[in-house]
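What follows is a single structure, written as structure tokens, with notes after it.
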Amino acid sequence: MSEPNAASAQTLVTMQVAEQPFGIWVESVRDVLGGQNISRVPLSPPAIAGSLNLRGRIVTVLDVRVLLGMQGTEQPEKAMNVVIEHQGELYSLLVDQVGDVLTVDHHKIEGVPQTVTPAWKSVSSGIVKLKDELVLILVTETLLQIAGLTTAEELAA
């Protein structure tokens, strides 16, 4: 999935990870779930918190904290899950909280500031300034690539 066309207003689903607001394009979101029973996957990379069953489909759960270079989520079964789809596969982004759905005019999306840590900058496509906070827009394909679930060649296909 690629970013929406910047020619019009765009819609973001906002979420919190370690008190930092992030957003992903609503077109990427398939479901939002509360706490889930997450099964650990033996020998999986640290960013993979496990898997869950969503209406009979196995969903790989990615710990966004780990993908952003932080300590993993302490109680993943109590965290929120933002389910996305990539090339027919479902993935859940484990986040602390899910916020509002925002409609953002394309001219209000700015480049990622130089002061943002390189790990966060590599997974962000822009930033939106709200009244009280800055929302970093995440690129879901890059998160999957960091987790080792896809390659640059697969993303280009």
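Laboratory data are not the source of any read-out in this text; all were calculated from the coordinates shown. Here the structure is a predicted model, which means the values were calculated and not measured. Backbone-built Cβ (ideal geometry, glycine too); neighbour counts: all protein chains shown.
Please give, to one decimal in nm, the separation of the simple spin-label points placed at residue 54 and residue 71, each 7 Å out from Cα toward the Cβ.
2.8
Would you list, by chain and number, the lysines whose Cα falls below 30 Å from the Cα of residue 78, excluding same-chain residues fewer than 8 positions away?
121, 129, 131
Can you tell me how much longer the chain between residue 8 and residue 122 gets when fully stretched, taken as 0.36 nm per residue apart minus their C-alpha distance, in nm with one decimal? Numbers along the way, then the final one.
Details: separation 114, 0.36 × 114 = 41.04 nm, distance 2.46 nm.
So the extension gain works out to 38.6 nm.
Report, by chain and number, residues whose modeled amide H sits under 5 Å from the one on residue 31, excluding near sequence neighbours (fewer than 5 apart, same chain).
Placed amide hydrogens put 83 under 5 Å from residue 31.
So what is the calculated 222 nm ellipticity per residue for the chain, using -39500 (n - 2.57) for each DSSP H run with n of 4 or more, over all residues, to the nearest 500 deg cm²/dmol?
Working: 4 runs with 20 residues, N = 157.
Calculated from helices alone, the mean residue ellipticity at 222 nm is -2500 deg cm²/dmol.
Note down the magnitude of the dipole of the stretch 10-156 about its Cα centre, charges +1 on Lys and Arg C-beta and -1 on Asp and Glu C-beta and zero elsewhere, to the nearest 20 debye. It would help to have the intermediate numbers written out before the result.
Working: 10 positive and 17 negative charges, 34 e Å.
Charge dipole, the stretch 10-156, about its Cα centre: 160 debye, nearest 20.
Can you tell me, using C-alpha contacts under 8 Å and at least 6 residues apart, the relative contact order of the stretch 32-149 as a whole percent?
Numbers: 188 pairs, mean separation 23.1, N = 118.
Taking the mean separation of contacting Cα pairs over the length of the stretch 32-149, I get 20 percent.
Counting every Cα pair in the chain, what percent are over 25 Å apart? Present the calculation step by step, with values, prior to reporting the outcome.
Working: 3071 of 12246 pairs.
Across the chain, Cα pairs with separations above 25 Å total 25 percent.
Report the label-to-label distance for residue 107 and residue 87 in nanometres (one decimal), using points 7 Å from each Cα along the Cα→Cβ vector.
The modelled label-to-label distance comes out at 3.9 nm.
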